[in-house]
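Asks: Please see the structure below; I have some questions.
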Amino acid sequence: MKKSLITLVAAGLLAASAAQADDWPTRPLTMVIGFAAGGSTDIQGRVLANVMEGYLGQPVNVVNQPGAGSAVAFTRLANNTDQGYTFLYGGITALTFTPIITEVAYEIDDFEYLAAVAIGQNAIVTSAGQPFSTFAEIVEYGKENLMTYAQQTPLDEAIIRRIAEIEGLDLAIVPTGGGGGMAPLVLGKEVDFAYSGGTHAQYTPTGEMVVAAFMSLERSPFYPEVPTLIELGYDYSVEDYRSIIVPAGIPDNARQRLIAAAEYASENQAFKDITEGNTFFPVVFIGQEDMEANIRQIRAATEELMGN
């Protein structure tokens, strides 16, 4: 009888905990995106917000806060105290690289990494009609001509600067606020080549933009003929995930619901159609435990690469 009573009490506590989690959220949420509108992260994030809104039963409002490769957005998030109602959707290089090379107002332990829902597709791109289309051709052209490069993050800039030093290129860097700022510069031939975190997927099917190389560890399944920088002999890569990130220490019910919403979105056809069919990012679901480990492993590997 005593054992049955304990079992009933435990079951009641579990049911109460589940009910409490299901009660969250009780008001609208804010998704912060650390890049300008129009880029791949913004396109994915707005669809993700709609899908999460349907699951959570509350509006999910999108706020773009570009700057410093999303470091501005992470600073905003680190200072947020609304207990999970504000979260960030974006890549992780502002955590795994930016704090290594510059002073920022946050660190890895200031956040929780609830889930990744897509794998980043970091590329070097140029426009159709240039006198080069592959990365090897860009390098050869750059040995005789001043080259202009549109960067989006501190990491892609650092990698291109290192390659320019290796190859003896005369390079001018043009900063952008994200894919939405990069695309007009490339398409208008105002820059010779650029970093793309995924915006190229909108322009490669029409032939307006060309992928010269990938910064990812492996070739993209959507561009299997395009090599990586590592394959081309440069020991640099950008390992990135599009993730849902919150300030550390949010309530458990908020954490549970956001993770559940992320997993739901990873199986949602509308999100898959945009993320894979429009921005060409493979959709995945990587939970909190694995993402927490991934962040720290990538940060340690980057510090080793940078000699820190």
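The values are calculated or read from the model by the stated rules, or taken from the named source; none is laboratory data. Owing to the predicted nature of the structure, the values given are computational and were not obtained by experimental measurement. Here the Cβ positions follow ideal geometry from the backbone for every residue, glycine too, while neighbour counts run over all protein chains shown.
Asks: Would you be able to tell me the number of residues in the range 198-217 that are crowded, with 20+ Cβ neighbours inside 10 Å and of a type in the set (D, E, K, R)?
Replies: Here the count works out to 0.
Asks: Cβ contacts < 7 Å: first residue assigned by TED's automatic domain parsing to the domain that holds residue 57, restricted to the range 248-273; second residue of a type in the set (S, T, N, Q), any location; separation 6+ or different chain. Result?
Replies: 250/83; 251/83; 253/20; 254/83; 259/288
Asks: Among the residues that make up the range 68-77, is at least one of them among the polar types (S, T, N, Q) and either at pLDDT 95 or above or out of contact with any helix residue (DSSP H, G or I) (no Cβ under 8 Å at 6 or more places or on another chain) (or both)?
Replies: For the range 68-77, residues among the polar types (S, T, N, Q) and either at pLDDT 95 or above or out of contact with any helix residue (DSSP H, G or I) (no Cβ under 8 Å at 6 or more places or on another chain) (or both): present.
Asks: When you check residue 172 against the structure, is it hydrophobic (A, V, I, L, M, F, W, C) and within 18 Å of residue 121 (Cα to Cα), yes or no?
Replies: No; evaluated as a whole, the condition is false for this residue.
Asks: What are the pairs, 6+ residues apart or on separate chains, where a residue within the range 141-170 that is touching a residue at least 12 places away in the same chain (Cβ under 8 Å) and over 21 Å from residue 102 (Cα atoms) has its Cβ under 9 Å from a residue that is assigned to a helix (DSSP H, G or I) and hydroxyl-bearing (Ser, Thr, Tyr)?
Replies: Filtered contacts from the range 141-170: 147/141.
Asks: In the range 50-63, what count of residues is obtained for those that are surrounded by fewer than 21 Cβ atoms within 10 Å (Cβ to Cβ) and either more than 18 Å from residue 251 (Cβ to Cβ) or touching a helix residue (DSSP H, G or I) at 6+ places or on another chain (Cβ under 7 Å) (or both)?
Replies: 9
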